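The values are calculated or read from the model by the stated rules, or taken from the named source; none is laboratory data. Note that the structure is predicted; figures quoted are calculated from it, not measured. So basically every Cβ, Gly included, is an ideal-geometry build from the backbone, and we count neighbours across all protein chains shown.
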Amino acid sequence: MHASGQTLNGSEIFIESLRRENVEYIFGYPGGSLLKVYETLFDVKDIQHILVRHEQGATHMAEGYARATGKPGVVLVTSGPGATNTVTGIANAYMDSSPMVVFTGQVPSSLIGNDAFQEADIVGITRPITKHNFLVKDVKELAATISKAFYLATTGRPGPVLVDMPKDILNASCIFEWPETVEIRGFKPTIKCHINQVEKAAQKIAASKRPLFYIGGGVISAEASEELQKLAIQLNIPVTMTLQGLGAFPGNHPLSMGMLGMHGTYWANQAVNRCDLLIAVGARFDDRVTGKVETFAPQAYKIHNDIDPTNVDKNVKVDLPVVGDAQNFLAGLLEVMPETIENRDPWLAEINAWREQCPLTYSNEEDMLRTEFVIEEVSKQTKGNAVVVTDVGQHQMWTSQFYTFINPRSIITSGGLGTMGYGLPAAIGAAFGIKDRPVVLFCGDGGFMMNIQELVTAVHHKIPIKIFLINNSFLGMVRQWQELFHKEKYSFTDLGDSNPDFVKVAEAFGCRALKADNPDTAKAAIVEALAWNDGPILVDFRVVKKDMVFPMVPAGGSISDMLLARLNPKTMV
Amino acid sequence: MKHLISVLVENKFGSLNRVAAMFSARGFNLESISIGETEDAEISRMTIVTRGEDQIISQVLKQLNRLVDTIKVIDLTRQPHVERELLLMTLKLTKTQQHEIFELINVFKGKVVDIKQKSITIEVIGSPEKINTTIDIFRGYGIKELARSGAVAIHRGE
Ligand SMILES: Cc1ncc(C[n+]2csc(CCOP(=O)(O)OP(=O)(O)O)c2C)c(N)n1
Ligand SMILES: [Mg+2]
């Protein structure tokens, strides 16, 4: 640790600044413009550098770490291709509001703009996908810029921030001064909700006969689950959650309605359709949630609490906007809630009737293995206590339906961008952050190939993630849309002839691997995988090929368009 | 409806790009944008002319506020303000039309800034609407080239 007032070079200032920000891990990959930083890193013992095998992997790892712990993830990559390889991961963190700081090396200041070797205008490229970004132009500004970057990434609505560091800046020296406070005059997020709005919301909630909480990822990032639980239980209000909101309210509680939206539960969507009051907290009325906006919650008075004012009235016009932090809002409601509230028993009975009418079910025949079974079994065996990471596709939606999330920060998934290839690195990052709960990954056979190189990182660091490969030999979710909406033209979605033997592949990486193709072997494989902690383990679940995720509200459709099952049942195999 | 938005931004490289890129990324209409220094060397003022329904304009204002480099965003449209645009225009000069052209320049309170044998360059200052009319009227006289500054605007003093 260096004291303020010492003369340091840019690379030392970089490391020292990360220390001041209490960074535990850097997910990185070296290169020409970062040689000085890596020279410094060689002797650093208190911050661990994790060498990834592709810079996209570093970004998803950092995000997985951030979502699991609530702390910002840190990425370090070289200029040019190193920097451009982070673009997808940055966009992903931006869409899902994950705190992350990405440091990119840059060509020397004097060469910027000259099409120099390994030059890319990464500040220009990432402007629309970062909360903010910086090009450091003077070594004297480096420490202050880094402290601003962390402040921006973690304050208000979290998000990714990028700091571009030219090579000459990392070599130049100056007196190190760590700013004790950060002041950015153009950045003053509203944390505290307006009390009048909170009181008005409380009145509306007390007087509603059919209220419904619609909870998004903002409740998780604001650490407001406790307040939500108190409020919902005390006032007897059912809770539906978005993909990112799952776990904010315990899925095993009778008031939990599971997920809403395109692949949400029948009863959650019916409740949205029928409620007279919708209380949206930390959610953003995404099109995968609303379907056709004109018919979304048509009878409801809509309250919307969000920390980002641009989310309010963006897709759906609301009646009562409350800008501010979700915890502040929910805690405020608890304080000002009137004594007498409407009786909600008839409303809950109505909901339970829907639940019984169309439960989430599947048939499980002995000789075939279904993803639903695998996920439900993992849920049972981990008692809902795992940190669950997914990739993107059918398996992701089944995870939302068949894993019972009990705690916040239990689902780590790419929601906004829907990035295939996210799962494996995100699971590794989550496991660096969380050591006392199992980290399980549900990943499709398509998406697994997109960042498979990171399996080496997991093996090398003995990261005990459970890789549950949902191998249906198809780009399943695309196949589903082809069957439903594209004349069954299964164009380039059948991976059956080309998929590798995943068990052999994993073993070649040094990862233990098992295979399962029926409920019995699957159950046993899950037991074995959960007991194995000496590095990663992969289970190749040979599930049925042509299963479909239901219910489904087609894109842009209304609740009345909800599909509940295949029209003409076909073979699943 | 047309809106006139004044934005104070950090006088840093990239600020203009951030604003312009936000407009295109969000699909907002951007009729004109102008930028220049203010009384404070660290702050620039942008004047933006955009069009949209109230709900869109409210998003525009919020998105502008959300940018870290923006310090203040003011919708001047419904407040007392002064709005001006500069037009520079070169016209063909022919003997037969010479007289009419000079008369029109007077009508629009324009100024001759350059005159050659076959062409004349004039400047006109006024609201963007006045500039539109000026251009329309002069079209009949053979506009060779024109440049508009985009609107700049400011609150009226107390
Ligand atoms: C990077 C990327 N490319 C393409 C897509 C489009 N896409 C969405 S789901 C999907 C299929 C995923 O297949 P798989 O990983 O096998 O999962 P499954 O749906 O079969 O569970 C595709 C191609 C995407 N989401 N991300
Ligand atoms: Mg698949």
The number of residues in the range B:1-30 that are free of Cβ contacts under 8 Å to residues at least 40 places away in the same chain, of a type outside the set (A, V, I, L, M) and on the phi < 0 side of the Ramachandran plot is 8
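Inside the range A:178-263, counting only helices (runs of 4 or more DSSP H) that do not spill past its ends, which hold 3 or more residues that are touching a Lys or Arg at 6+ places or on another chain (Cβ under 9 Å) and away from chain B (no Cβ under 14 Å)?
Details: elements: A:195-207, A:217-221, A:225-235.
Answer list for the range A:178-263: A:217-221.
Does B:Val19 count as facing chain A (nearest Cβ under 8 Å), within 26 Å of B:Ile131 (Cβ to Cβ) and either touching a helix residue (DSSP H, G or I) at 6+ places or on another chain (Cβ under 7 Å) or not in a loop (DSSP other than H, G, I, E, B) (or both)? Before you say what the answer is, go through the steps one by one.
Values: facing chain A (nearest Cβ under 8 Å): no; within 26 Å of B:Ile131 (Cβ to Cβ): yes; either touching a helix residue (DSSP H, G or I) at 6+ places or on another chain (Cβ under 7 Å) or not in a loop (DSSP other than H, G, I, E, B) (or both): yes.
No; evaluated as a whole, the condition is false for this residue.
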For the range A:497-507, does any single residue satisfy the condition of being of a type in the set (A, V, I, L, M), assigned by TED's automatic domain parsing to the domain that holds A:Glu376, within 16 Å of ligand 1 (Cβ to nearest atom) and part of a loop (DSSP other than H, G, I, E, B)?
-> no
Scanning the range A:436-447 residue by residue, the ones that are within 13 Å of ligand 1 (Cβ to nearest atom) and either more than 17 Å from the chain's Cα centre (by Cα) or assigned to a loop (DSSP other than H, G, I, E, B) (or both) total 2
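Among the residues of the range A:164-173, is any without any contact (Cβ under 8 Å) to a residue 60 or more places away in the chain, of a type in the set (A, V, I, L, M, F, W, C) and assigned to a loop (DSSP other than H, G, I, E, B)?
Narrowing the range A:164-173 to residues without any contact (Cβ under 8 Å) to a residue 60 or more places away in the chain: none.
No - not one qualifying residue is present in the range A:164-173.
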If we scan the range A:478-495, do we find a residue that is buried (at least 24 other Cβ atoms within 10 Å of the Cβ) and at pLDDT 95 or above? yes
The lone condition A:Lys314 fails out of (1) away from chain B (no Cβ under 14 Å); (2) part of a loop (DSSP other than H, G, I, E, B); (3) more than 18 Å from A:Ser225 (Cα to Cα) is (1)
For the range A:180-195, check the following and say yes or no: at least one residue is over 17 Å from A:Trp347 (Cα atoms) and touching a His at 6+ places or on another chain (Cβ under 7 Å). no
Taking the range A:369-389 and keeping residues within 16 Å of ligand 2 (Cβ to nearest atom), over 19 Å from A:Pro551 (Cβ atoms) and not in a helix (DSSP H, G or I) leaves A:Leu369
Just one listed residue, out of A:Gln327, A:Gln396, is touching an Asp or Glu at 6+ places or on another chain (Cβ under 7 Å) and assigned to a helix (DSSP H, G or I), and it is A:Gln327
(1) within 16 Å of ligand 2 (Cβ to nearest atom); (2) surrounded by fewer than 24 Cβ atoms within 10 Å (Cβ to Cβ); (3) in a helix (DSSP H, G or I); (4) touching a residue at least 12 places away in the same chain (Cβ under 8 Å) all hold for A:Val459 apart from (1)
